[in-house]
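Student: Would you mind keeping the following structure in view while I ask a few things?
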Amino acid sequence: MLGITVWLPSPDADRRLSARAAPPSSEDGESEPRPGRPQMQTLAPSQRSGALPSQRALVDARSEFRQRYGNPAARVRTSSATLLLAEALMAEAAGESDPAVKWVILEEARKLAISAGSPLVIGRSVRVASAEFDFDALAVEYRALLEIPLRAIDPRRASDLANAAAGVATRAEVDHRYDMAILAQGLTIRAWQRAGDIPAARAASQRLESLQRLGKASTRRSPNATEPGR
């Protein structure tokens, strides 16, 4: 098991994260759920904190984060270690009572997932955050996926990225946010190309053309309408 004790300066935080971290179960180092492992629970809408913390609260929360954990990302050297830390931070967020600190912890976990090139952990971090805060989860997830360097990931991760981006495109279409759907579908195509799956890339291209037609039709029907959720 990878030691987390070398990453975190705070003894209390070190003990908590070390207890919650688990070694990755897949060959490429991706940490996946398995029986007996604590899982993040989605909160009912009535339990959500609601609006995002203020900028002042976030400044204080980031200072608190650094006091607790230092800059652990600077000490990890492998994608598997980075994913371990991201998962441990999400577990930390589950028990955090301060909304601003909770948001910062989840934000840091998402950054680690981007660094490790893990669309799956990115998606989980966004879902956990959206269960408690009101924000544009689609846009946040798309931007995070877009930050993964395609040339630096292997075909398996590229396939994961393609599927994640396609999921964002589908959810955006359901919300009639065709601009977002088109952007995400474009990322889907590029990811399938990186994965070397030409049939999937062609199918994604056809899907993109369909979304473009839907977007144009929607604009003609209501040229001055704003997109839902904007």
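Student: Could you give each residue of region 159-170 its phi-based ³J(HN,Hα) in whole Hz, using Karplus coefficients 6.51, -1.76, 1.60 with θ = phi - 60°, and x for Gly or Pro?
Tutor: Going residue by residue, I get 5, 4, 5, 4, 5, 5, 5, 5, x, 4, 4, 5 Hz, with x marking Gly and Pro.
Student: Exposure proxy check: T82, T188, T219 ranked by fewest other beta carbons within 10 Å? Numbers along the way, then the final one.
Tutor: On the way: T82 23, T188 28, T219 13.
The fewest-first ordering by Cβ neighbours comes to T219, T82, T188.
Student: OK, next. Would you order F65, F133 from fewest to most other beta-carbon atoms within 10 Å of each residue's own beta-carbon? Show your work: numbers first, answer last.
Tutor: Values: F65 21, F133 18.
Sorted ascending by nearby Cβ count, the order is F133, F65.
Student: Determine, for I105, I198, the number of other Cβ atoms within 10 Å of each Cβ, and report the residues in order from fewest to most. Could you put the intermediate results ahead of the total?
Tutor: Working: I105 26, I198 10.
Ordered from fewest to most neighbouring Cβ atoms within 10 Å, I105, I198 come out as I198, I105.
Student: Still on this model: Please report the equivalent ellipsoid semi-axes of region 74-230, computed as sqrt(5 x eigenvalue) of the Cα gyration tensor, largest first, in whole Å.
Tutor: Working: eigenvalues 171, 96, 16 Å².
Over the Cα atoms of region 74-230, the semi-axes work out to 29, 22, 9 Å.
A short reminder: the numbers here are calculations on the coordinates, not readings from a lab. All values reported here derive from a predicted model rather than from experimental measurement. No Cβ is skipped: glycine too gets one built from the backbone with ideal geometry, and neighbour counts run over all protein chains shown.
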